Structure formats: C-alpha cells, structure tokens
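Below is one structure, written out as structure tokens; comments come after it.
The values are calculated or read from the model by the stated rules, or taken from the named source; none is laboratory data. It should be emphasised that the depicted structure is a prediction, and the values quoted were computed from it without experimental measurement. As a convention, Cβ positions derive from the backbone with ideal geometry for all residues, glycine included, and neighbour counts pool all protein chains shown.
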Amino acid sequence: MFGKQKGIDVTLELEGKQQQFNSMLGFLYEKTTFSIKFRDGQRMYIKDGCVIRQDTTKYPDHKQEVYRNFEQAQFLVWNGKYGRDDKKIGKWSAFWMEDDKIKVGGGWFDNNGQKYGKWIELSENYSKVSKLTYVGQYNNGIRIGQWDIYYNDTIIGLGVYNQKGMKNGEWTILHENFWNRCQIIYIGQFLDGKRISEWKTFYRFSYKDSFNFFSSGQYNQSGKKIGEWNEFDENFWHDHEVISCGKYDSGKKIGKWIIKFRNFFYEQFQIIGGGNYDENGKKIGKWIELSEYFLSNCQTFLIGEYENGKRVGKWELYFQQNSKKEYKRKKNLIGGGVYDKNGIKDGKWIELYGSNLIETFTLCSVFYQGSYIKGQRVGKWEIFQNSQKIGGGVYEQPDIKTGPWIEIHNNYCNECRVFYTGEYKDGWKIGKWSTLDHYDYILGGGKYNNQGLKIGKWIEICENYDEEYQIYQVGEFKNGIKIGKWEIFSKKRLDTQYKTIGGGQYNEKGQKNGQWIDILSYQNDPQKILLIGQYKNGLKLGQFIRENLN
C-alpha cells in the first residue's frame, strides 16, 4: 500500500478521480494520481510538486485516515474532537472549503466513538459534480429507519434500514458512479440487506429531466442475479453510453454477452463488442472489448483471447471511425501487445496515451510505446503522435521514471500542443523543468527540490491552456506551497506582448489573502471573465464582482 520511502518519510501513491476540462468534450471526471506524504505528525497531499493540502495528524502511519477522492483532499475539512483511546466524540461537522466555508455534513459520536442521532453523510464520490449525501438516523453506530439520498439538495433516493442496520423493503439507490453526466437509479426490494425479485433501472440525461425506464432484471432469494440483464457500464456517461447484455446464473455471467453503444441518448444502442463466459462465470475465447479511453470521439477496442478469465497471447488495439453509417465503420489496427499465461503484460506494447484521439483520428493521435516485464514498464518508452516521436524517457524497475524525460500536457491536442522537459530521480521530478510549445518556444517552468516539490519562481500555464488565448500565472513556491505575490498574464496567439490581467497574494500556508483578480471562465470560452474581490485565509469575503476581460 505504501510506496516510495525517503528516510523517515512514508509516501502513499493514490489513484483517484478529478474534474478536468477538455476543449472538445467539456467537463470530464477522469482518473488522476496524487501522493500523500507522512512525516513527524504531518500529512501532505501532493500533485505534480504542489502541496494541495497539509495538516497534522495524531495517528501513526498505519492508522492514517486518507482522502482517496482528489477534490475531497483539496476542499473537505472535518471539525470535531477526540476522547480517550483517540476515539471521535461529540459533534463532528464537515465543511467544503473551496472558496466559501459551506457545511455539507456531520453528526454526533457518543463517548464510545459510535455514531448516534441524525447524520448527514457524504458519498464516497462527493465532489462539485456529484453532490450526493445520505441523511438519516444512527443508533449505537448502526443505521436505522428511513434514510434519504440527496442530490443537489433534492431527494433522489430513499429506503429503510431495520434494527440490525440492514436494508429492507423498497429502495431507490444510485449508480455507483452517479454524477452530473451519469444519472442512473435502481428501484427494487431488499430483504435483510440482499436485493431480491425484480429491480428496475431508470435513466435521465440531466437533473432537469424526468427519469425514464430503461430495463429490469431479477434477483433470487439469495440476492444473486438470474436470467437476462441489460447493465450500464460502470463508467457510463454522456460520451460513453455503453451497456452489456447477457444472462446470469446464480450471480455468475454465463454464455454470450454483447456490448452495445449509442452516440446520443435518443438513439438506439448498437452492438460493438462482446464474447463468452463459461459455466463458472469466467471469460473464454475471443473477446472484443472497449479500451479504458473509449469515447464517442475515441472509439478504441482491444481484441484478443481469454483463457480461464485471463487475457492471454496477442491482443490488438483498434480505432474505429465514428459514423452513423455501419458500412463506414472500419477498424484500423493502431497498437497492442502480448499477455503472458497469467494475464500480465509482457514484452513490447503500443498503447494509447490517454483519450487524445478525436473524430478525424489523424489530427491528434498519441501513443505510448515500450516494453513490459511482469506487468511493469521498463527501459525506454517513447511517445508518438501519428508516426512522429514527440516525447519519452526511461523507466527503472519497478515502473519508476529516471533521467531526462519529455512529457505532454494532460489535455494535449491541436489547441494545446504543450510539452514538459526535465529530469526524474527515483520517480520524482527534480531540478529545472521547462514548459514548451511545439515550436520549442519556452512558455514557462521552474525548479523542483530533491523531494519533488516545486521551489522558487515558477511560470505556470493554466490547466486549460489554449494556444488561441494563453493564460499564465507567475509567482513563488516554497516547498510545494504558493507564497507571496502571484500575477496572472494573458496573450493572444498573434500578440507579441503579455498583458497583466490579475493576481493577488498567498499567505505562508498557500491560502489566498487580500484583494484578488482571478480568471473565472474556462480556457476555450470566447468570453473570458474576471472575478474580483477579497479573500481571508483562502475563503471569500463579501461579494465578488465579475468583469469581462475581452
């Protein structure tokens, strides 16, 4: 569980999800990685050399409570006190501290550290795009009675717990990854915590719409799925409307299962993949599966063989042109590699480097090419756009970057052809790193210390950088924390001079203080908006004024 160790530091590497803006698709809820470093009672959440959260903790490393949700790591704060044996007691409150201090949850603990009375609990995925809370009563640490599920302050689900804390009777529950662009609910019966009988699935495109019936399926008295089912993909959302259809036998998938996709919620689903399960519920034979980056504008597939539920042998990566006309849907081989008998990648692989394929494919297609040993990247790995090498570097075992690297921006595309160049040591960025455009013009950069934290003066491009309208932030870092004066500059593509458009002061904890002029809108908006007002310790004071930048 714990990753890199440096002296008395212990670092935990985490994978979570983060709201990111894509110039073509708008807001996406995508995978992201970040680190937590524990040292002498201090806990730091770190992403790309920036400390996004720092607090004290009274627990030894092995008992740490950590946020695996990236936005919660940034903005969620719990206030309360501890009693004997480090148990939580009394009132505890949860606050969302993004710009304002907003209470979002909480309740009471008794002297034994057990929850009691009314509680408002946050969902595991609670974030700006998934404001889900559960409201109900606890008795001696057990949920009892009716609990309501709220989304954006409106009840969207509910049901009853018995005195043993088990769900009973009719419930309305939510898809595991419910958020603004994945509005799916399930309605059916529980018996002593197990789903039984018929369960119905409903879907809506947005919170403004009504839920529409989609399909239904059956559970037996043991809570196992039986018969025919149509299931939403776990990552279902507007640009990934994917379902799987097939048969269950006592909770095991059996026989032929097909994968279907549609471009828009009002269209019919069409078959795009699938394969077979054996009588034990394990995949066998040839399968056509969707890559993890499959989107309507990035239709990529993996095709290969399963043995006893494991991918084996050669698997090929294909791209398919998005077209409403079936005869135009030709699959093009673009990559792939080999799995060993244990289902682990081995040898040379060509992989997608994120979802950088778009509808015309040749405009922006980025691949990662190199070798695996026992599922870990080793040696030289190169980044290609079409057939042109644009980046890469070397991995040491186990899967740790070292030496010089050229990396690309997370949102790399025609409007954001941005590169980062610098040095890795033991998986950490160190020394000078530069930010370049595709003409090798230096856009910005700065230095990292030997612990991979940003230090000194930095020129940073905004996360949603766009070549047409470039926005930069310039200021100082101290051990990964922004301090002092930071300025915001802008420049249009054809301009020769930068223009100061905003900025303000950070305190020693990296919190905004005093008068600030911020950019509010996102990089691809033709209308840029400034947000002007006062901060105190990172929180807004009073009313903020909006002004058009253009």
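What the table below lists for this structure:
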{"item": "Unmet criterion (only one of (1) within 28 Å of the chain's Cα centre (by Cα); (2) assigned to a loop (DSSP other than H, G, I, E, B)) for THR201", "result": "(2)"}
{"item": "All positions within the range 229-260 that are in a strand (DSSP E or B), under 23 Å from the mean Cα position of the chain (by Cα) and more than 20 Å from PHE213 (Cβ to Cβ)", "result": "HIS240"}
{"item": "Residue match in the range 200-214 (condition: at pLDDT 95 or above, of a type in the set (Ser, Thr, Tyr), surrounded by 16 or more Cβ atoms within 10 Å (Cβ to Cβ) and in contact with a Gly (Cβ under 9 Å, 6 or more places away or on another chain))", "result": "yes"}
{"item": "Of all residues in the range 403-438 being crowded, with 18+ Cβ neighbours inside 10 Å and of a type in the set (Lys, Arg), the one that is farthest from LEU12 (Cα to Cα)", "result": "ARG417"}
{"item": "Near pairs, Cβ below 6 angstrom, 6+ apart or cross-chain, from the range 256-283 (farther than 26 Å from ARG204 by Cβ) to any residue that is modelled with pLDDT of 90 or more and loosely packed, with under 15 Cβ neighbours inside 10 Å", "result": "ASN276/LYS256; ASN276/GLY285; LYS282/ASN308; LYS282/GLY309; LYS283/GLY309"}
{"item": "Residue in the range 439-452 that is in a strand (DSSP E or B), touching a residue at least 40 places away in the same chain (Cβ under 8 Å), buried (at least 16 other Cβ atoms within 10 Å of the Cβ) and not aromatic (Phe, Trp, Tyr) present", "result": "no"}
{"item": "Every residue from the range 185-199 that is closer than 23 Å to ASN125 by Cβ and out of contact with any Leu (no Cβ under 7 Å at 6 or more places or on another chain)", "result": "TYR186, ILE187, GLY188, PHE190, GLY193, ARG195, TRP199"}
{"item": "Check on ILE156, in contact (Cβ under 8 Å) with a residue 24 or more places away in the chain and in contact with a Phe, Trp or Tyr (Cβ under 8 Å, 6 or more places away or on another chain)", "result": "yes"}
{"item": "Breaking point among (1) without any contact (Cβ under 8 Å) to a residue 60 or more places away in the chain; (2) exposed (fewer than 14 other Cβ atoms within 10 Å of the Cβ), for LYS101", "result": "(1)"}
{"item": "Residues located in the range 215-226, provided they are surrounded by fewer than 18 Cβ atoms within 10 Å (Cβ to Cβ) and either closer than 20 Å to ILE271 by Cβ or in contact (Cβ under 8 Å) with a residue 24 or more places away in the chain (or both)", "result": "SER215, ASN220, GLN221, SER222, GLY223, LYS224, ILE226"}
{"item": "Checklist (1) assigned to a strand (DSSP E or B); (2) surrounded by fewer than 19 Cβ atoms within 10 Å (Cβ to Cβ) applied to LYS482, failing item", "result": "(2)"}
{"item": "Search result, residues across the range 282-301 that are in a loop (DSSP other than H, G, I, E, B) and at pLDDT 95 or above", "result": "LYS282"}
{"item": "Of residues in the range 264-274 being within 19 Å of GLN321 (Cα to Cα), of a type outside the set (A, V, I, L, M) and surrounded by fewer than 17 Cβ atoms within 10 Å (Cβ to Cβ), the one modelled with the lowest pLDDT", "result": "PHE264"}
{"item": "Qualifying residue in the range 421-428 (condition: under 23 Å from ILE52 (Cα atoms), of a type outside the set (Val, Ile, Thr), part of a loop (DSSP other than H, G, I, E, B) and under 22 Å from the mean Cα position of the chain (by Cα))", "result": "yes"}
{"item": "Positions within the range 502-538 being of a type in the set (A, V, I, L, M, F, W, C), surrounded by fewer than 17 Cβ atoms within 10 Å (Cβ to Cβ) and modelled with pLDDT of 90 or more, in sequence order", "result": "ILE532"}
{"item": "Restricting the range 453-479 to residues that are in contact (Cβ under 8 Å) with a residue 60 or more places away in the chain and acidic (Asp, Glu), the residue that is surrounded by the most Cβ atoms within 10 Å (Cβ to Cβ)", "result": "ASP466"}
{"item": "Qualifying residue in the range 393-411 (condition: within 24 Å of ILE483 (Cβ to Cβ) and over 25 Å from the mean Cα position of the chain (by Cα))", "result": "no"}
{"item": "GLY375 at positive phi and modelled with pLDDT of 90 or more", "result": "yes"}
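Yes or no, residue by residue, for (1) modelled with pLDDT of 95 or more; (2) of a type outside the set (A, V, I, L, M); (3) in contact with a Lys or Arg (Cβ under 9 Å, 6 or more places away or on another chain):
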position	(1), (2), (3)
ILE303	yes, no, yes
GLU307	yes, yes, yes
VAL312	yes, no, yes
GLU316	yes, yes, no
GLN320	no, yes, yes
LYS325	no, yes, no
VAL338	yes, no, yes
LYS345	yes, yes, yes
THR360	no, yes, no
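Condition check ((1) part of a loop (DSSP other than H, G, I, E, B); (2) under 26 Å from ARG53 (Cβ atoms); (3) in contact with a Ser or Thr (Cβ under 9 Å, 6 or more places away or on another chain); (4) of a type outside the set (Asp, Glu)) across all residues:
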residue	(1), (2), (3), (4)
GLN470	no, no, yes, yes
VAL474	no, yes, no, yes
ASP518	no, yes, no, no
GLY542	no, yes, no, yes
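One line per residue, one yes/no per condition, for (1) under 27 Å from GLN54 (Cβ atoms); (2) under 29 Å from the mean Cα position of the chain (by Cα):
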site: LYS447; (1), (2): yes, yes
site: ILE459; (1), (2): yes, yes
site: ASP466; (1), (2): no, yes
site: LYS485; (1), (2): yes, no
site: ILE501; (1), (2): no, no
site: LYS509; (1), (2): yes, yes
site: GLY538; (1), (2): yes, yes
site: GLU547; (1), (2): no, no
